[in-house]
Ligand code: UDP
């Protein structure tokens, strides 16, 4: 990545798209998708949790420009936005573990950084897709969370809730800029997106447990493991994000993008062990040990995807077992497991899955 941005002008009427956080897990898949669709793409990433390696497959593409910088720097944001038609804003401090450990950094990036991106978009007349999160619903355990469902948040002094708080403010900023200053913005709320390149380093459960299963280590399931999530594959999410951004009916609206199947974390661990033919066992770890005293988890988080389905035909179709195999193959191919990685009984079958 170069610290010195170069700004080739948009050629042949192609769309020029800025992706903040484009070197991250979801961002890198989006960048690949946009390049394949013919966009010129600018990536702005501070490489704090993302990695240039995530973009290795497209690094030589002449239509890709990569800028190493922070959304906290408004000059950098303005430079990156230069002659862009639209921006997908994914840069954020993410991961429950990271947020709990560094709440101040999370608040600054997720609030000040996002406002920098929104104001630069207005100035450059670029449209925005703000990527938000199911965390905004907090502890609401409704059967199906709709976009207008209530938010149920805990004590704001608990760092666990700073992410949900900051993302809620981001959405409110986006709506206010849309209503008062004409910003063309749509919002998506991602529910536990999973897939290759996601790292378990910041607490995300699926790559964490897959890595443990590959090593033959115990799978650490927090609490009683009966909390549930609906995991959605990045391959299903990315095309829907692009279609939503393009649709004029999405302006000023929020859309859930989540998985269809509700599964407990305990069952997820069992499914990972079975899929990877691992000899690992499952270990229940108390929340206080996993995070900090007083940590609050979401007991359940189930999306209603109807709104995105009705707008752009969003349908989560990738089975969880396919994602587990893809994540395992990715971890093995990237040698992220370190020297204690154990060859798997069925490892050969992962080849060609990705
Ligand atoms: N979790 C777990 N073991 C891990 C990491 C996470 O049991 O190694 C749990 C976590 O407590 C939560 C669920 O898995 O109940 C999903 O966690 P993640 O951080 O991936 O996403 P969240 O839905 O909490 O944002």
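Tabulated data
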quantity: Qualifying residue in region 307-324 (condition: modelled with pLDDT under 75 and surrounded by fewer than 16 Cβ atoms within 10 Å (Cβ to Cβ)); calculated: no
quantity: So residue 271, is it within 14 Å of the ligand (Cβ to nearest atom), over 30 Å from residue 182 (Cβ atoms) and assigned to a strand (DSSP E or B); calculated: no
quantity: Top-ranked residue in region 66-97 [being buried (at least 19 other Cβ atoms within 10 Å of the Cβ) and in a helix (DSSP H, G or I); ranked as nearest to the ligand (Cβ to nearest atom)]; calculated: 96
quantity: Criterion: surrounded by 23 or more Cβ atoms within 10 Å (Cβ to Cβ) and farther than 30 Å from residue 126 by Cβ - qualifying residue of 278, 264; calculated: 278
quantity: Pairs with Cβ under 6 Å, 6+ apart, first in region 264-279 and within 16 Å of residue 326 (Cβ to Cβ) and touching a residue at least 60 places away in the same chain (Cβ under 8 Å), second near the ligand (Cβ under 9 Å from one of its atoms) and outside any strand (DSSP E or B); calculated: 272/209
quantity: Residue list for region 25-47, filter: touching a residue at least 60 places away in the same chain (Cβ under 8 Å), under 12 Å from residue 92 (Cα atoms) and touching a strand residue (DSSP E or B) at 6+ places or on another chain (Cβ under 7 Å); calculated: 26, 27
quantity: Meets criteria (outside any helix (DSSP H, G or I) and either under 28 Å from residue 47 (Cα atoms) or near the ligand (Cβ under 10 Å from one of its atoms) (or both)) for residue 221; calculated: yes
quantity: Residue satisfying all of: in region 134-156; touching a strand residue (DSSP E or B) at 6+ places or on another chain (Cβ under 6 Å) and closer than 25 Å to residue 27 by Cα; surrounded by the fewest Cβ atoms within 10 Å (Cβ to Cβ) among these; calculated: 147
quantity: Single unsatisfied condition, residue 279 versus (1) more than 16 Å from the ligand (Cβ to nearest atom); (2) within 30 Å of residue 186 (Cβ to Cβ); calculated: (2)
quantity: Among residues of region 193-216, those that are more than 9 Å from the ligand (Cβ to nearest atom) and in a helix (DSSP H, G or I), counted; calculated: 6
quantity: Yes/no for residue 185 being more than 14 Å from the ligand (Cβ to nearest atom), in contact with a strand residue (DSSP E or B) (Cβ under 6 Å, 6 or more places away or on another chain) and either in contact (Cβ under 8 Å) with a residue 12 or more places away in the chain or at negative phi (or both); calculated: yes
quantity: Matching residues, region 246-259, being crowded, with 21+ Cβ neighbours inside 10 Å and either within 16 Å of the ligand (Cβ to nearest atom) or over 27 Å from residue 298 (Cα atoms) (or both); calculated: 250, 256, 257, 258, 259
quantity: Matching entry among 240, 328 (being buried (at least 22 other Cβ atoms within 10 Å of the Cβ), assigned to a helix (DSSP H, G or I) and within 16 Å of the ligand (Cβ to nearest atom)); calculated: 328
quantity: Test result for residue 266, within 16 Å of the ligand (Cβ to nearest atom), under 20 Å from the mean Cα position of the chain (by Cα) and more than 26 Å from residue 33 (Cα to Cα); calculated: no
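Conditions (1) closer than 22 Å to residue 223 by Cβ; (2) touching a strand residue (DSSP E or B) at 6+ places or on another chain (Cβ under 8 Å), marked per residue:
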position	(1), (2)
241	no, yes
245	no, yes
269	yes, yes
279	no, no
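The values are calculated or read from the model by the stated rules, or taken from the named source; none is laboratory data. Keep in mind it's a predicted model, so treat the numbers as computed, not measured. Positions of Cβ are backbone-derived with ideal geometry, glycine not excepted, and every protein chain shown enters the neighbour counts.
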